[in-house]
């Protein structure tokens, strides 16, 4: 395409040189010919000039269109490279759903959110790129490149959205587990405190208390025992 543009400009340069030469020749002939022949030469020169103006105008128009198309192709290539570079720069996905450390999972959630912000910011460029690709006559290679880029983009966006949801679910589970563990710790600490306030008894003292109770029971009549249970 660049070669074609250069060829058009070369044709314009060559045409202008030939027109200049023809004008010089016509001027020289006019001084040597009679008025009728000189008028005929002048008329032919005018006709040629008119055709030349129209032809140059058409060449300029084609050249402008061609340069515009070249600019659009250059923009297309630059946008493709920018998006491909962004996708390559994204950190590799690492599943951290097995982590039990809440700060680590929170850090992972923040990292994924930052990636999604980058993707959201570049989404308008993807839209412009597809619009530009639809307006251009893409080569087979460029069309394939655009199709593959769209697939990678859609996969990346969906994958990071899924990753964020899974990490947030995991974070919720860990926080719920942490709250339950805290409640259980508080309960156990309370039980330990109450147990610590009880008098310390040795095995021997407990045995003596049991024996004393057995002696007291043996000294009671059956009637006394029944009375105790009744009252």
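For every residue, the table says whether it meets (1) farther than 30 Å from residue 156 by Cβ; (2) modelled with pLDDT of 75 or more; (3) surrounded by fewer than 13 Cβ atoms within 10 Å (Cβ to Cβ); (4) in contact with a helix residue (DSSP H, G or I) (Cβ under 7 Å, 6 or more places away or on another chain).
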{"residue": "30", "(1), (2), (3), (4)": "yes, no, no, yes"}
{"residue": "38", "(1), (2), (3), (4)": "yes, no, no, yes"}
{"residue": "84", "(1), (2), (3), (4)": "no, yes, no, yes"}
{"residue": "89", "(1), (2), (3), (4)": "no, yes, yes, no"}
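Given the condition without any contact (Cβ under 8 Å) to a residue 40 or more places away in the chain, over 15 Å from the mean Cα position of the chain (by Cα), in the same structural domain as residue 158 (by TED's automatic domain parsing) and within 22 Å of residue 163 (Cα to Cα), answer yes or no: does some residue in the stretch 72-94 qualify?
yes
Quick one: which of 8, 2, 59 is modelled with pLDDT of 70 or more, closer than 30 Å to residue 137 by Cα and in contact with a helix residue (DSSP H, G or I) (Cβ under 9 Å, 6 or more places away or on another chain)? Let's see the steps before the verdict.
Numbers: 8 fails: modelled with pLDDT of 70 or more; 2 fails: modelled with pLDDT of 70 or more.
Among 8, 2, 59, only 59 is modelled with pLDDT of 70 or more, closer than 30 Å to residue 137 by Cα and in contact with a helix residue (DSSP H, G or I) (Cβ under 9 Å, 6 or more places away or on another chain).
Among the residues of the stretch 135-143, are any part of a helix (DSSP H, G or I), under 30 Å from residue 78 (Cα atoms) and in contact (Cβ under 8 Å) with a residue 12 or more places away in the chain?
For the stretch 135-143, residues part of a helix (DSSP H, G or I), under 30 Å from residue 78 (Cα atoms) and in contact (Cβ under 8 Å) with a residue 12 or more places away in the chain: present.
Is one or more of the residues making up the stretch 159-171 closer than 30 Å to residue 73 by Cβ and in contact with a helix residue (DSSP H, G or I) (Cβ under 8 Å, 6 or more places away or on another chain)?
Looking for residues that are closer than 30 Å to residue 73 by Cβ and in contact with a helix residue (DSSP H, G or I) (Cβ under 8 Å, 6 or more places away or on another chain), one finds none in the stretch 159-171, hence no.
The values are calculated or read from the model by the stated rules, or taken from the named source; none is laboratory data. Since we're looking at a predicted model, the values are computed, not measured. Reconstructed Cβ throughout: ideal geometry from the backbone, glycine too, with neighbour counts over all protein chains shown.
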